[in-house]
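Please read the structure below before turning to the comments.
The values are calculated or read from the model by the stated rules, or taken from the named source; none is laboratory data. Source: prediction; values computed, not measured. Here the Cβ positions follow ideal geometry from the backbone for every residue, glycine too, while neighbour counts run over all protein chains shown.
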Amino acid sequence: MAIIDILGVPHAYELTPPTSNLSSPILVFIHGWLLSRQYWQPLIERFSENYQCLIYDLRGFGDSQVQSNSRPANSRTPDCSPVSRSYNLATYAEDLGILLQALEINRAWLIGHSLGGSIALWSADCFGDRIRGVICLNSGGGIYLKEEFERFRSAGRQLVKHRPLWLSRIPLIDLLFVRAMVARPLERRWGRQRVIDFVSADARAALGSLLETTTEAEVHRLPQVVARLKQPVYFIAGAQDKVMEPKYVLHLASFHGLFRNSGANVIELADCGHLSMLEQPDEVCAQICSILTNHAV
């Protein structure tokens, strides 16, 4: 694990060694809400021989923790402090842009899960000269249903507010997390990791990213972003995903040119829930490899 400062916040990342194929793009993986970079390891193991890979923890999650007393060196007002920065898609995209620039990554494919998929789309829109394409896993949206979103935001607010810090010490609690949001139970080690990330996520980041990315304005803006993208954009959905149902993935994908031309930018995985990279890593890897091959320069 390496650490890099991004606007006053230490960000944890891992960059695999370059491969012999110097023309291959770098694969950049972006995790979802209350998760961390760890969940990409099954894909990194499969890709790193042929592609250089970057994984990192979003601000406030995993090992990229916001320190309450941290301030950028050139900060003059409290409004510029890391603590007061927004946790919306635009600022997370800004973080990623700074990371790519610092690591001199100029040819990247972004692969984002759930919230990470939305961040990937925004980043491709903001830094199109560096981004060759986007692949979203279990990520969609663009439809604002007021009552459903209010219930979702309220439930999320309570979840973050009442997170017990001692949860990770409860015997067998990981067995609950291996079954949450998936079609089949995960390996137990992922249950333990999910407990760790759930408990350790910064409360401001957890709540801020939930509330600021699910406003009516943000939800309606995402299809506009997708419609503007000139890069290839693909969506991988889980047929049994109850968090991001395939119909919402299809809706967002429909705004991209690839969908309008052929409808071939959506792949649905049978017997798969919301954590496709853990539930079906071989199939996800095969689909991503096919996409990258089809768009190889």
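Just checking: which of the helices (runs of 4 or more DSSP H) contained wholly in region 202-297 hold 3 or more residues that are touching a strand residue (DSSP E or B) at 6+ places or on another chain (Cβ under 8 Å) and more than 14 Å from G117 (Cα to Cα)?
Filter on region 202-297 gives 281-294.
Pick from P10, P18: which is part of a strand (DSSP E or B), at negative phi and surrounded by fewer than 22 Cβ atoms within 10 Å (Cβ to Cβ)?
None of the other options fit; the residue is P10.
All but one of (1) at pLDDT 95 or above; (2) closer than 25 Å to I26 by Cα; (3) surrounded by fewer than 22 Cβ atoms within 10 Å (Cβ to Cβ); (4) not aliphatic (A, V, I, L, M) hold for F255; which doesn't?
F255 satisfies every listed condition except (2).
Take region 87-96 and flag every residue that is of a type in the set (G, A, S) and either in contact with a helix residue (DSSP H, G or I) (Cβ under 6 Å, 6 or more places away or on another chain) or crowded, with 24+ Cβ neighbours inside 10 Å (or both). Can you show your working first?
From region 87-96, those of a type in the set (G, A, S) are 90, 93; that's our starting set.
Correct list: A93 only.
May I ask you to list pairs of residues, at least six apart or on different chains, whose Cβ atoms are under 9 Å apart, with the first in region 276-297 being more than 17 Å from S48 (Cβ to Cβ) and of a type in the set (S, T, N, Q) and the second being assigned to a helix (DSSP H, G or I) and modelled with pLDDT of 95 or more?
Cβ pairs passing all conditions: S276/E283; S276/V284.
What is the number of the single condition among (1) modelled with pLDDT of 95 or more; (2) in a loop (DSSP other than H, G, I, E, B); (3) out of contact with any Phe, Trp or Tyr (no Cβ under 7 Å at 6 or more places or on another chain) that G140 does not meet?
(3)
Does region 169-185 contain any residue that is under 14 Å from W33 (Cα atoms) and assigned to a helix (DSSP H, G or I)?
Checked region 169-185: no residue is under 14 Å from W33 (Cα atoms) and assigned to a helix (DSSP H, G or I).
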